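Please read the structure below before turning to the comments.
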Amino acid sequence: MIPSVLPDERDYTRALSLSRLAYDLEALCSPLLAAALLTVLGYHWLFLGTVAGFVASALLVATTTLPARPVGERREPLVERLTAGARIMLARAEPRRLLAMNMVVAAGTGFVIVGAVVLVRDVLGGADTGVAVALACYGAGSMAVALAVPRLLTLLDDRVLMLAGCALVSAALSATAAWLAIDPGRATAWVALGLCSAALGAGTSAVNTPSARLLRQACTEAELPSVFTAQFSLSHACFLLTYPAAGWLATGAGPCVAATASALVATLATTAAARTARADRSETAAPVSR
């Protein structure tokens, strides 16, 4: 809805920054709120509260007034409507590059959200508080970049910022794998975990926050609903791959192997995104040279 409400590019960029900030604040505050409620309520009541929240959300969606469809408008078959956004993204260079970047983000967040639990408890001997600290560092890095994106995009091109975010995610995962292989002291390990989590948050935010701008620049107004829907679905399909992989590798082979595998996936996806960018520039420059 944001691109429809805010057509001005500067307003749109600020709105994306605030939207990302709200997402990160929710991710940080929800566990804290749940922990606070558990001190005075049983977990059964907490689940009932969550159910009530979902019911309220469903009612809001059901009662929202949508524009009426023009009389006589021809609707495409359901399968075509479901796959329209994905077909557009695969056919164009900019959205195709974003698909590779989605995998970078999924590799980074998968290791933090899933692998950090095993890392804190089994390697560092910490408890749930340590996991919360790691997630807080991740959220702090993400929010810092989200707030800086409007300013950064006045200095850098969208693709440059997003590729830099991909490179940061790959570097942070590689550094985490190296740190786990060296096995430093306990105090140093907590510092390293905080720094790596913050770097992963910053890198993923540098990709996620401007991603909608990239799609809006590459698509027409009529294509945007289908493309945004496809972006949401395909990015979460990447999570469906990386989250279980990070958990299985961390519990079965250890966090070092999980971090190494995540770094490899992120590096390969970053390379694919960079190669797509170079190929796109070559195609654009070719007519000019003639």
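The values are calculated or read from the model by the stated rules, or taken from the named source; none is laboratory data. Since the model is a prediction, treat every value here as computed from it, not as a measurement. Backbone-built Cβ (ideal geometry, glycine too); neighbour counts: all protein chains shown.
Of the residues making up segment 122-138, those that are surrounded by fewer than 23 Cβ atoms within 10 Å (Cβ to Cβ) and under 17 Å from residue 35 (Cβ atoms) are 126, 127, 128, 129, 130, 131, 132, 133, 135, 136.
Applying the set (1) among the aromatic types (Phe, Trp, Tyr); (2) closer than 30 Å to residue 162 by Cβ; (3) out of contact with any helix residue (DSSP H, G or I) (no Cβ under 7 Å at 6 or more places or on another chain) to residue 111 leaves exactly one unmet item: (3).
Residue count for segment 258-290, restricted to those that are surrounded by 16 or more Cβ atoms within 10 Å (Cβ to Cβ) and either more than 21 Å from the chain's Cα centre (by Cα) or at pLDDT 85 or above (or both): 15. Return a yes/no flag: does segment 98-107 have any residue that is part of a helix (DSSP H, G or I), under 19 Å from residue 192 (Cα atoms) and either modelled with pLDDT of 85 or more or not acidic (Asp, Glu) (or both). There is at least one residue in segment 98-107 that is part of a helix (DSSP H, G or I), under 19 Å from residue 192 (Cα atoms) and either modelled with pLDDT of 85 or more or not acidic (Asp, Glu) (or both). What are the residues in segment 213-238 that are under 17 Å from residue 104 (Cα atoms) and surrounded by fewer than 18 Cβ atoms within 10 Å (Cβ to Cβ), if any? Hits for segment 213-238 are 232, 233, 236, 237. Among the residues of segment 142-174, how many are farther than 21 Å from residue 15 by Cβ and of a type outside the set (Val, Ile, Thr)? Qualifying residue count, segment 142-174: 10. Scanning segment 1-45 for residues that are without any contact (Cβ under 8 Å) to a residue 24 or more places away in the chain and of a type in the set (Phe, Trp, Tyr) yields 23, 43, 45.
Checking each residue in segment 170-210 for being among the polar types (S, T, N, Q), surrounded by fewer than 23 Cβ atoms within 10 Å (Cβ to Cβ) and either touching a residue at least 24 places away in the same chain (Cβ under 8 Å) or under 18 Å from residue 110 (Cα atoms) (or both) picks out only 174.
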